[in-house]
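Taking it in order: structure first as structure tokens, then the write-up.
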Amino acid sequence: MVVYTEPVVVDQTRRTKWQSAVAKFGVKGARQTGFAHLYTWLYRHDKQWLMQFNQSSMRPNVAEPSRVDWPKRDKEFVRQLINLMNKFENQVDTARYTITWFATHANIPLSQIKKTHKLPLCKLFFNKYCETIEEYQCRRIAVACIRCIAKHQILRTWRIERMAGLNEKRTRPLASQLLGFAVKYEPS
């Protein structure tokens, strides 16, 4: 079986046009700004030269320096988060304190908060103030107990669970223990 190969056609004017286009726009830019037909012709007729020239003309891929001042942004975000925490500190009947809750209420974009490796102060804040499910359940039990006592109701397990929105199966061990202590408690 004989394999037919296209003879190399050297067209110096096309080579020169391609060289000037690459110098001006780069390899990819030249192909995208009206020189695709020239690239195609050279690819079909003078591929070896084209590949060699393009390889030598590649611009180094240098990453841009960061345009974001992360330490400054970290301080701003933490200031916002601390102000938010101070505002809600005495309000016990709020949703679970999660990273999303803090970011949403402090008007911080979630895309920024996901970069906690660049925001060490925010990371410390979240480690300190974000609640686990167990902590949140305990807070809900405490709020339910406060409401029962305010209404002069007897503290019963079923009543506190219902008011706290919990059930026996999903309540975590620490919250169950707190619930047991609360039911034994006799307000005077």
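The values are calculated or read from the model by the stated rules, or taken from the named source; none is laboratory data. All of these numbers come straight from a predicted model, not from anything done at the bench. As a convention, Cβ positions derive from the backbone with ideal geometry for all residues, glycine included, and neighbour counts pool all protein chains shown.
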key: Condition check for Leu166: buried (at least 16 other Cβ atoms within 10 Å of the Cβ), modelled with pLDDT under 90 and either closer than 25 Å to Trp101 by Cβ or outside the structural domain of Lys114 (by TED's automatic domain parsing) (or both)   = yes
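Take the residues in the range 102-115 that are part of a helix (DSSP H, G or I) and touching a residue at least 12 places away in the same chain (Cβ under 8 Å); name whichever of them is farthest from Arg162 (Cα to Cα).
First pass over the range 102-115, keeping only residues part of a helix (DSSP H, G or I): 102-105, 110-113.
In the following step, the residues that additionally are touching a residue at least 12 places away in the same chain (Cβ under 8 Å) were identified as 102, 105, 112-113.
On the way: Phe102: 27, His105: 28, Gln112: 38, Ile113: 35 Å.
Filtering first and then ranking leaves Gln112.
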*Report yes if some residue within the range 119-137 is touching a residue at least 12 places away in the same chain (Cβ under 8 Å), in a loop (DSSP other than H, G, I, E, B) and closer than 19 Å to Glu76 by Cβ; otherwise report no.*
yes
The residue that is nearest to Ala144 (Cα to Cα), considering only those in the range 79-101 that are of a type outside the set (A, V, I, L, M, F, W, C) and in a loop (DSSP other than H, G, I, E, B), is Asp93
Out of (1) modelled with pLDDT of 90 or more; (2) under 35 Å from the mean Cα position of the chain (by Cα), the one Lys151 does not meet is (2)
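Can you tell me which of Gln177, Gln153 is more than 30 Å from Pro71 (Cα to Cα), out of contact with any Leu (no Cβ under 7 Å at 6 or more places or on another chain) and part of a loop (DSSP other than H, G, I, E, B)? Steps first, please.
Working: Gln177 fails: part of a loop (DSSP other than H, G, I, E, B).
The unique qualifying residue is Gln153.
Determine, yes or no, whether Arg79 is surrounded by 12 or more Cβ atoms within 10 Å (Cβ to Cβ) and either touching a strand residue (DSSP E or B) at 6+ places or on another chain (Cβ under 9 Å) or touching a residue at least 12 places away in the same chain (Cβ under 8 Å) (or both). Write out each step before concluding.
Details: surrounded by 12 or more Cβ atoms within 10 Å (Cβ to Cβ): yes; either touching a strand residue (DSSP E or B) at 6+ places or on another chain (Cβ under 9 Å) or touching a residue at least 12 places away in the same chain (Cβ under 8 Å) (or both): no.
Taking the combined requirement at face value, the residue does not satisfy it.
Given Glu89, Glu131, which one is modelled with pLDDT of 90 or more and among the acidic types (Asp, Glu)? Full working, then the answer.
Values: Glu89 fails: modelled with pLDDT of 90 or more.
Unique residue meeting the criteria: Glu131.
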